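Working notes, structure below.
The values are calculated or read from the model by the stated rules, or taken from the named source; none is laboratory data. Here the structure is a predicted model, which is why all the values come from computation and not from measurement. Quick reminder, even Gly has a Cβ in these numbers, built from the backbone with ideal geometry, and neighbours come from all protein chains shown.
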Amino acid sequence: MIVAMQETAREEDIQRVIDHLIRMGFSVHRSTGVRQTVVAAVGARVDFDVRNLEVLPGVQEVHRISAPYKLAARSFRPQGTEIRFPNGVSVGGEQVLVMAGPCSVESREQLFTIADHVRRAGARALRGGAFKPRTSPYSFQGMGIEGLKLLREAGDKFGLLVISEVMEISQIASLLPYVDILQVGARNMQNFNLLRELGRVRKPVLLKRGIAATFEELLLSAEYIMMGGNYDVILCERGIRTFETYTRNTLDISAIPIIHKLSHLPIAADPSHGTGLRDKVAPMARASVAAGADALLIEVHHDPERALSDGAQSLYPEQFSKLMSELQMIASAVERKIA
């Protein structure tokens, strides 16, 4: 249920509504916009009369929400969610944040070389895996804590935000000192215990869509995080599994405008995992920005033929620089700008 307060509602009016909902047995979440406060009530109770709320002072209107996700729904924050970082970068507003870097941290020289390239090209966040979930147990699994330390050092040196993947609950505490954004991979989209714990964290979480997940399943996964009080969630379309085998996955560009309609949460696109092919990354990145993506996650490597993971889908630095110039023009055409 959504309770929209009047613009002139006083703080005591809002608190009265919250107290009333709590007495009714609901879990209550408050969203304060520029002009209006919205109160979301989440719970299984259905035997209530919305008129009891509508007559309270300061209440403008009350809506029952039929969608199973409440906090992630567009109605909870009609103006949309914009996540702001201390360095002036934001996600969900006018800016399009580009997060670029290697699939995995392999060495200090590798990471710093790539970080220097992507920052000079215009990226504002450094991506890189320290803990790598791999299909084969014999593949490179990442550098762990040492990789996180290198990511933070490179991020600080080049003025980049840092995003890296968390695979399990026990890793959360290890990542927090080093990263600005915690990434949940497609394999963990429905790891509900992990999502609950991330709801307790007060850092943004990028949540990737599972390989066969519907939009509703993705938004319900985001709901697990938001139920814990962490509303800074970035959804990510990274490609789904279809019957086509030419590309690694099928990047669902339509997910971007659909998610914007269903949810207030910003959405990123990952054309690297979405295609798995270097020459397809740039076209899909351009299409994603044109479709309204709030952020891009792109793999870049200075020597992809020797990369320990996902070299075939990693752009050369010069390809990334060219792409960034193209994205600036596309962003401008859709009244956005590359962060």
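Can you run down the residue pairs with Cβ atoms below 7 Å, 6 or more apart or on separate chains, where the first is in the range 148-161 and without any contact (Cβ under 8 Å) to a residue 60 or more places away in the chain and the partner is acidic (D, E)? What qualifies is F158/D116. Selection of the range 266-290 for residues being of a type in the set (V, I, T) and within 18 Å of the chain's Cα centre (by Cα) yields I267, V289. Candidates D279, D294: the one that is free of Cβ contacts under 8 Å to residues at least 12 places away in the same chain, out of contact with any Asp or Glu (no Cβ under 7 Å at 6 or more places or on another chain) and either assigned by TED's automatic domain parsing to the domain that holds E216 or within 18 Å of T245 (Cα to Cα) (or both) is D279. Note on the range 229-258: residues that are under 13 Å from the mean Cα position of the chain (by Cα) and not polar (S, T, N, Q) total 9. Within the option set V3, V62, being assigned to a strand (DSSP E or B), of a type in the set (A, V, I, L, M, F, W, C) and touching an Asp or Glu at 6+ places or on another chain (Cβ under 7 Å) holds for one residue only, V62. Once the range 203-228 is narrowed to residues that are assigned to a loop (DSSP other than H, G, I, E, B) and free of Cβ contacts under 8 Å to residues at least 60 places away in the same chain, the residue that is farthest from the chain's Cα centre (by Cα) is A212. Does G229 count as assigned by TED's automatic domain parsing to the domain that holds G88, crowded, with 17+ Cβ neighbours inside 10 Å and small (G, A, S)? Judged against the criteria, G229 is not a match. Restricting L195, L220 to residues that are crowded, with 24+ Cβ neighbours inside 10 Å and of a type outside the set (D, E, K, R) narrows the list to L195.
Determine which single condition N52 fails, assuming it passes every other condition in (1) modelled with pLDDT of 95 or more; (2) not in a loop (DSSP other than H, G, I, E, B). Of the numbered conditions (1) modelled with pLDDT of 95 or more; (2) not in a loop (DSSP other than H, G, I, E, B), the odd one out for N52 is (1). Set side by side, the residues A295, A307, A285, A269 differ, and just one is buried (at least 19 other Cβ atoms within 10 Å of the Cβ) and either touching a Phe, Trp or Tyr at 6+ places or on another chain (Cβ under 6 Å) or at pLDDT below 95 (or both), which is A307.
Considering (1) over 24 Å from the mean Cα position of the chain (by Cα); (2) surrounded by 13 or more Cβ atoms within 10 Å (Cβ to Cβ); (3) not small (G, A, S), the lone condition that L71 does not fulfil carries the number (1). Scanning the range 115-161 for residues that are among the β-branched types (V, I, T) and closer than 19 Å to M324 by Cα gives a single hit, V118.
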